[in-house]
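**Q** Please find one structure pasted underneath; my questions will follow.
Quick note: the coordinates plus some simple rules give every number you see, no bench work behind them. Treat the numbers as computed from the prediction; the structure is a model and nothing was measured. Reconstructed Cβ throughout: ideal geometry from the backbone, glycine too, with neighbour counts over all protein chains shown.
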Amino acid sequence: MSNKEIEKVHLLIIGSGPAGYTAAIYAARANMKPVLYQGIQPGGQLTITTEVENYPGYPEGIQGPEMMINFEKQAVRMGADIRYGMATKVDFSVQPYRVEIDEENWIEADAVIISTGASAKWLGIESEQRLNGFGVSACAVCDGFFFRGKEVAIVGAGDTAAEEALYLSKLCTHVHMIVRRDAMRASKVMQDRVLNAPNITVYWNSETDEILGEHKVEGVRIKNTKDNTTQDVAIGGFFVAIGHKPNSDIFKGFIDMDETGYIKTIPGTSKTNLEGVFAAGDVQDKNYRQAVTAAGSGCMAALDAERYLSTKA
Ligand code: NDP
């Protein structure tokens, strides 16, 4: 790391979901000159959803991608410096804190807001990785369209899996839903909808033994874990909906986290174990995970950062 490569900023915001952009709006209005790096998926998880009906202020609802463009525009209008780029490493052992962008440039920041969100979890089997993008997807809303008029499978039993199974049932001829226990975790109303859908078959006590197909998904081998039998089902698309993992790997060793990688904040604040490093949004919230709660915590992080920076000054 040579000195000439290091840019110095007052407040660095990592991540561009509702938490990051809200932090940027508040910080820019408070003249903190925030620099925000958008990460690999500018706009975050809302860019892979369709209609958002529960964000206050949009009585008719709004498309997720459009909402995130609005968030970005508002942050830019307030004067935030929004940049495309990914935080790839940090060194929080020294102050100012150091963050590496795109594995090449280092930035020094007096304060950092972590709003890196969460990403879809995968099963971890070889065929899932090999056929990813060739019929394997973690987002029915994004990719379901490609399987119109075909049979598909979905694995998972939470609200996301139920919601996505129902979404797919409207596009596809049949949905095979693979559930690992004899019960679903999804809310009762969602379960009822799934169980009453004429073209959804639930496979209880079942796991994905193998996704079949050489270059694209052609089937799935479903294993019943009660009697150890398997059956092959012909499908064109395979969807994984088994939850999310917080995007916190690069902060390990510096920032306190729980056993699943969610960043710990001091209750009622956005403060982490490190002075001047704050966390907002899904990376620190495994309970609510809503756009509006993420935006609220982004506001908290900007206000906490402002107090910290003004005390330091
Ligand atoms: P959840 O963590 O709630 O559910 C994950 C599901 O995947 C569980 O049923 C789990 O099984 C299953 N699973 C996990 N790992 C595996 C694996 N390796 N193989 C097979 N199955 C696996 O995640 P969701 O994304 O569904 O939901 C996250 C949160 O968001 C929840 O609080 C949910 O209520 C909320 N949500 C609300 C919605 C709404 O209200 N409209 C819509 C979507 C989400 P098991 O049950 O056996 O652990």
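**Q** Which whole-number value in Å³ per residue fits the convex hull of the alpha carbons of the range 1-102?
**A** On the way: hull volume 11.0 nm³, N = 102.
Spread over its residues, the Cα hull of the range 1-102 gives 108 Å³ apiece.
**Q** Right, here's the next one. Which order do the peptides 24-37, 223-236 take when ranked by the mean count of other beta-carbon atoms within 10 Å per residue, highest first? All intermediate terms of the calculation are to be shown ahead of the outcome.
**A** On the way: 24-37: 22.3, 223-236: 13.7.
Most protected by this proxy first, the peptides run 24-37, 223-236.
**Q** Additional query: Quick one: what does P(r) look like for the chain with 20 Å bins over all Cα pairs, in whole %?
**A** Spelled out bin by bin, the chain gives 31, 50, 19, 0 percent.
**Q** For the chain, return all DSSP H helices satisfying: extent of Cα atoms along own axis at least 24 Å; mean Kyte-Doolittle hydropathy at least 0.0.
**A** On the way: long enough: 291-312 (31 Å, 0.30).
The answer, listed by residue number, is 291-312.
**Q** Working only with C-alpha atoms, what are the Rg and Dmax values of the range 140-232, expressed in angstrom?
**A** Here Rg and the maximum Cα pair distance are 12.8, 38 Å.
**Q** Same structure, new question: Evaluate E = 1/(1 + (r/R0)^6) for TYR84 and ARG181, where r is the Cβ-Cβ distance and R0 equals 35 Å; express this FRET efficiency to the nearest 0.05. Write out the running numbers ahead of the final one.
**A** Numbers: r = 42 Å, r/R0 = 1.19.
It comes to 0.25.
**Q** Run the helix sum for the chain: -39,500 (n - 2.57) per DSSP H stretch of 4+ residues, divided by residue count, reported at 222 nm to the nearest 500 deg cm²/dmol. If you can, show how the numbers build up before the last one.
**A** Working: 7 runs with 79 residues, N = 313.
It lands at -7500 deg cm²/dmol.
**Q** Now for a different question. Out of every Cα pair in the range 211-313, what percent are spaced more than 23 Å from each other? Write down the numbers at each step before the final one.
**A** Working: 2583 of 5253 pairs.
Value for the range 211-313 (Cα pairs over 23 Å): 49 percent.
**Q** Over the range 254-313, what is the mean sequence separation of C-alpha contacts under 8 Å (at least six apart), divided by residue count, expressed as relative contact order in percent? Please report the intermediate quantities before stating the final value.
**A** On the way: 71 pairs, mean separation 17.0, N = 60.
Across the range 254-313, relative contact order equals 28 percent.
**Q** Right, here's the next one. Measure up LYS121/LYS226; LYS223/LYS286; LYS8/LYS245; LYS188/LYS286; LYS121/LYS150 against 27 Å on the Cα-Cα distance and list the ones that go over.
**A** In this structure, LYS223/LYS286; LYS8/LYS245 lie more than 27 Å apart at Cα.
**Q** Taking the chain as a whole, which cysteines find no other cysteine Cβ under 4.7 angstrom from their Cβ?
**A** CYS172, CYS299
**Q** Just HIS244, HIS176, HIS215 to compare: in a GNM of the chain, with alpha carbon springs under 10 Å, which one fluctuates most?
**A** HIS215
**Q** Starting with the fewest neighbours, write out VAL179, VAL112 ranked by other beta-carbon atoms found within 10 Å of each beta-carbon. Could the numbers behind the result be given before it?
**A** Numbers: VAL179 21, VAL112 28.
Ranking VAL179, VAL112 by Cβ neighbours within 10 Å, fewest first, gives VAL179, VAL112.
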